[in-house]
1. Around I194, which amide H atoms from residues at least 5 apart in sequence, or from another chain, sit under 5 Å from its own amide H, with H modelled in the peptide plane?
2. Cα-based Rg (one decimal) and Dmax (whole number) for the chain, in Å?
3. Please compute the alpha carbon radius of gyration of segment 76-164, then divide it by the globular-protein estimate 2.2 N^0.38 Å. Two decimals is fine.
4. Sorted from fewest to most neighbouring beta carbons within 10 Å, what does the list C234, C45 look like?
5. Could you please rank M321, M1, M172, placing first whichever residue has the fewest other Cβ atoms within 10 Å of its Cβ?
6. Where a Cα-Cα gap under 18 Å defines reach, which aspartates and glutamates qualify for K290, not counting those fewer than 8 residues away within the same chain?
7. ³J(HN,Hα) across segment 245-257 via Karplus (A = 6.51, B = -1.76, C = 1.60, θ = phi - 60°), whole Hz, x for Gly/Pro?
8. Give me the distance between the Cα centres of segment 25-39 and segment 247-326, rounded to whole Å.
Amino acid sequence: MTPLKKVIFKKDRSTKPIWLMRQAGRYLPEFREIRKKNLNFIELCLNPQKVKNITLQPIRRYNLDAAIIFSDILTVPYALGQTVEFRKNFGPFLGSVSLNDIKNFNKSTFKKKLEPIYKSINNVKKDKSLKNRDLIGFVGGPWTILVYMLNKSSPKKKLKKIFSDKPLIDEMLKYINKYLILHIESQIKSGANIIQIFDSWAGLVAEEDLDNYIYKPTKKLVKITKSFKTPCICFPRNIKSYKEYANIVRPDAINIDYNTNPCDIIKNINIPIQGGMNPKILLSSKKKVKELTNYYLSIFKNHPYIFNLGHGVLPQTNPSMVQYLIKLVRKFNERSS
Ligand code: CP3
């Protein structure tokens, strides 16, 4: 059994596997080298040969337990016909889209557009470096995808007026979910053996809308993933209550953000937990990294736990600090065995 599955399915507490969100990305010079020559980010995500290479970059450098397919959650709006650009120091920039556009879309066009991602997953899966490692596929949470589609860029603290149109949101979520299901199924069939759902903007939803905007649609995605005997890890970043979320949505594991107190979470949640440590710590000293890493590891010593961060690796991170972090986790595992 692969390392993450051991924790998630067998509730193994004896070893803490490690992978990092954004482990392939801008903090790696070898990624920046490729990115420099590939100015269109979506096109890069749809190039199976390059995607395979980028996905495996961190696996070649470090002793990680899982690879995550190099892609983006915004390939879904792209496949639904919305333009998606990434502007330097601004982030994603999306074109306009209407409810009718998505309503009239058809599944085979969507699948065809994302076919290169499925081919990439298949290629990566076959690589011998993935032996006894997990390959994580992913989607954005329905709500987070909706936020990008309507807001057309990363939201600031407050959402635009269009987000008060509840019937529009309900209707759009229904269609978005249909395509997220298709994207999950296709990734699993191509070789992803874990699915992670990134709901990065879950924290923007008011209490009264959680049920319709987050719980109900996400629960469906989790159920579909589970029907393939594939674990589903959910990351509802900054959600009002991880406990309530876990009880209702029923993921196989939950990723916590760095504002969540790990001592509280362990009292409230009995499913496997992933992540939590603030990625900013990797910009400080080895001493501080050691302290905080050992703090998380000791709190989750007797809980099924996958080591990760509370958000993605920051672009300014020195790759040697990531190396050091992995070493610390491995050392802890050796001491506990
Ligand atoms: O290594 C991995 O984790 C796999 C690849 C991955 C990317 N994006 C590559 C990427 C994953 C899992 C994502 C998820 C993603 N994308 C999320 C959810 C997690 C989160 O960060 O909250 C979100 C919200 C997006 C949307 C997105 N894509 C944003 C906001 C940005 C720009 C700012 C940023 O965080 O980099 C992207 C671009 C992006 N996605 C880059 C990478 C490596 C940087 C591209 C570049 O400019 O070189």
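Values quoted throughout were computed directly from the atomic coordinates according to the rules given, and no laboratory measurement underlies them. Model, not experiment: these values are computed from the prediction. Heads up, the Cβs are rebuilt from the backbone with ideal geometry, glycines too, and the neighbour counts pull from every protein chain shown.
1. L135, G137
2. Rg and Dmax of the chain, Cα atoms, are 19.0, 58 Å.
3. 1.34
4. With the fewest neighbours first, C234, C45 line up as C45, C234.
5. The fewest-first ordering by Cβ neighbours comes to M1, M321, M172.
6. Partners found: E334.
7. So the J values, rounded to whole Hz, are 4, 4, 5, 8, 7, 6, x, 6, 8, 10, 9, 9, 8.
8. Here the two parts' Cα centres lie 26 Å apart.
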